[in-house]
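The values are calculated or read from the model by the stated rules, or taken from the named source; none is laboratory data. Quick caveat: nothing in here was measured; it's all calculated off a predicted structure. Ideal geometry is used to build each Cβ from the backbone, glycine not excepted, and the neighbour counts take in all protein chains shown. Side chains included, ligands, DNA and RNA excluded: accessible areas come from the protein's heavy atoms. Shrake-Rupley method; radii C 1.70, N 1.55, O 1.52, S 1.80 Å.
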Amino acid sequence: MRPTEFDYFAPGTLDEAIGLLKKYNGEAKVLAGGQSLLPLLKSRVTSIPYLVDIANIESLTYITRNDKALLVGSTTKVSALENYNNFGKNFEIIKEATASIADPLIRNMGTVGGNIAHGDPGNDLPAVLMALDGSVTVTGPGGQRHISARELYLDSYTTSIKDNEIITEVQFPFWGTHSSGTYIKFKKPAGDFSIAAIAIQLKVNKDGICERFGAALASVGPTSIFLRKASEVMVGSKITPTAMKKAAETAVKEINPVADRNGTVDQKRELVRRMFIEGTRKSLRKL
Ligand SMILES: Cc1cc2nc3c(=O)[nH]c(=O)nc-3n(C[C@H](O)[C@H](O)[C@H](O)COP(=O)(O)OP(=O)(O)OC[C@H]3O[C@@H](n4cnc5c(N)ncnc54)[C@H](O)[C@@H]3O)c2cc1C
């Protein structure tokens, strides 16, 4: 099917793009890699009168770092992040998650900002950003503001980003020494979205006590889910099998999966329980 008619703009600067979003006041949408938006337009699930393509805004494509975080411009392709070779062990969570997204063609088109902005609970980068306690910078007519990933998702495909705002940067914080993480994705054929996926990042002190822990899920509810209570359970003690089991039980109580063609509620809870323990073990092995 063809999309319904729309006016297409390809501004060269951020100011121009924001000006267009402001002008069309809720009727315009940002287009980045088009890997999620174009299929929705073509199948007429949605129609949008004005598209503002941000792909030509060169200032939005970069990967750099400061002393606190890896800073990724929003139109950076998922494949560029996947192939970034300056991660270190601390960030295997990003490497593993990006490599698991769809297939190389989609990763070469889809952007980091688009993956996070779309609000699809099956997308992988939101869970990573939540586990790491990362954030995004959004820019709109009123200037810039920062939103924690853990506060970003309100409902399926609904975020706290306003219609006239653009994600300009994504911040993946460093967790420092003695930290590691992993991304485990349970899926059907290669290239498919997950049935469930978990992002885990942890940090221990020199005595093996867990100092920080972040776990988040994809595909298990209407939004990406930060496992706040389970993450809190892990902090302050040694990561023993008993502690992992206790935290995994907490994780299972924190979620509200629904039955669908991928499994029953009980199967999904069991999957999360096992993935939580496996992800924690895998992260520990990497320390
Ligand atoms: C067959 C297939 C399989 C896929 N499998 C996976 C998978 O396994 N895991 C996964 O994570 N993803 C998967 N995807 C989604 C893919 O990763 C998309 O690239 C990504 O979700 C959207 O990025 P995009 O740049 O293409 O955004 P677009 O499609 O251009 O935009 C998506 C939405 O985000 C908004 N948006 C985009 N950029 C910004 C911005 N900077 N600021 C504000 N709003 C913005 C748009 O307005 C739109 O609403 C799959 C896609 C396909 C087609």
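If you filter segment 207-229 down to residues that are hydrophobic (A, V, I, L, M, F, W, C) and outside any strand (DSSP E or B), you find that the one that is surrounded by the most Cβ atoms within 10 Å (Cβ to Cβ) is Leu227. When Thr64 is tested against (1) open to solvent by less than 50 Å² (accessible area, probe 1.4 Å); (2) assigned to a strand (DSSP E or B), exactly one condition is not met: (1). Criterion applied to Ile161, Ile167 was being within 20 Å of Gln35 (Cα to Cα), within 16 Å of the ligand (Cβ to nearest atom) and without any contact (Cβ under 8 Å) to a residue 60 or more places away in the chain, and the one residue passing it is Ile161. Note on segment 124-156: residues that are open to solvent by 10 Å² or more (accessible area, probe 1.4 Å) and closer than 20 Å to Leu37 by Cα total 4.
Give the number of residues within segment 24-37 that are surrounded by 14 or more Cβ atoms within 10 Å (Cβ to Cβ) and either over 21 Å from Gly110 (Cα atoms) or at pLDDT below 95 (or both).
The total comes to 1.
Just to verify a result, which residue in segment 186-201, among those that are open to solvent by less than 20 Å² (accessible area, probe 1.4 Å) and of a type outside the set (A, V, I, L, M, F, W, C), is farthest from Ile277 (Cα to Cα)? Of everything passing the filter in segment 186-201, Ser194 is farthest from Ile277 (Cα to Cα).
When segment 162-185 is limited to residues that are within 24 Å of Ile57 (Cα to Cα) and open to solvent by 30 Å² or more (accessible area, probe 1.4 Å), the one that is nearest to the chain's Cα centre (by Cα) turns out to be Glu169.
So which residues in segment 178-206 are touching a strand residue (DSSP E or B) at 6+ places or on another chain (Cβ under 8 Å) and outside any strand (DSSP E or B)?
Restricting attention to segment 178-206, the residues satisfying the condition of being touching a strand residue (DSSP E or B) at 6+ places or on another chain (Cβ under 8 Å) are 178-188, 193-205.
Hits for segment 178-206 are His178, Lys188, Phe193, Asn205.
Just one residue in the set Arg269, Arg281 is assigned to a helix (DSSP H, G or I), under 19 Å from Ile209 (Cβ atoms) and open to solvent by 50 Å² or more (accessible area, probe 1.4 Å); that residue is Arg281.
Just so you know, in segment 38-91 the residues that are of a type in the set (Ser, Thr, Tyr) and farther than 30 Å from His178 by Cα include one that is nearest to the ligand (Cβ to nearest atom), and it is Thr75.
Against the list (1) open to solvent by less than 20 Å² (accessible area, probe 1.4 Å); (2) in a loop (DSSP other than H, G, I, E, B), the condition Asn256 fails is (1). Ala17 falls short on exactly one of the conditions (1) open to solvent by 50 Å² or more (accessible area, probe 1.4 Å); (2) touching a strand residue (DSSP E or B) at 6+ places or on another chain (Cβ under 9 Å); (3) not hydroxyl-bearing (Ser, Thr, Tyr), and that condition is (1). Return a yes/no flag: does segment 71-93 have any residue that is farther than 22 Å from Phe172 by Cα, open to solvent by 10 Å² or more (accessible area, probe 1.4 Å) and within 20 Å of the chain's Cα centre (by Cα). The answer is no; no qualifying residue exists.
Consider segment 26-37 and keep the residues that are within 11 Å of the ligand (Cβ to nearest atom) and small (Gly, Ala, Ser). The one that is farthest from Val112 (Cα to Cα) is Ala28.
Within segment 106-129, does at least one residue satisfy the condition of being at pLDDT 95 or above, more than 11 Å from the chain's Cα centre (by Cα) and more than 8 Å from the ligand (Cβ to nearest atom)? Within segment 106-129 (the criterion being at pLDDT 95 or above, more than 11 Å from the chain's Cα centre (by Cα) and more than 8 Å from the ligand (Cβ to nearest atom)), the answer is yes, since at least one residue qualifies.
Quick grid of which residues meet (1) out of contact with any helix residue (DSSP H, G or I) (no Cβ under 7 Å at 6 or more places or on another chain); (2) closer than 30 Å to Asp207 by Cβ; (3) in the same structural domain as Ala97 (by TED's automatic domain parsing):
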residue	(1), (2), (3)
Glu232	yes, yes, no
Ala243	no, yes, no
Ile255	no, no, no
Val265	yes, no, no
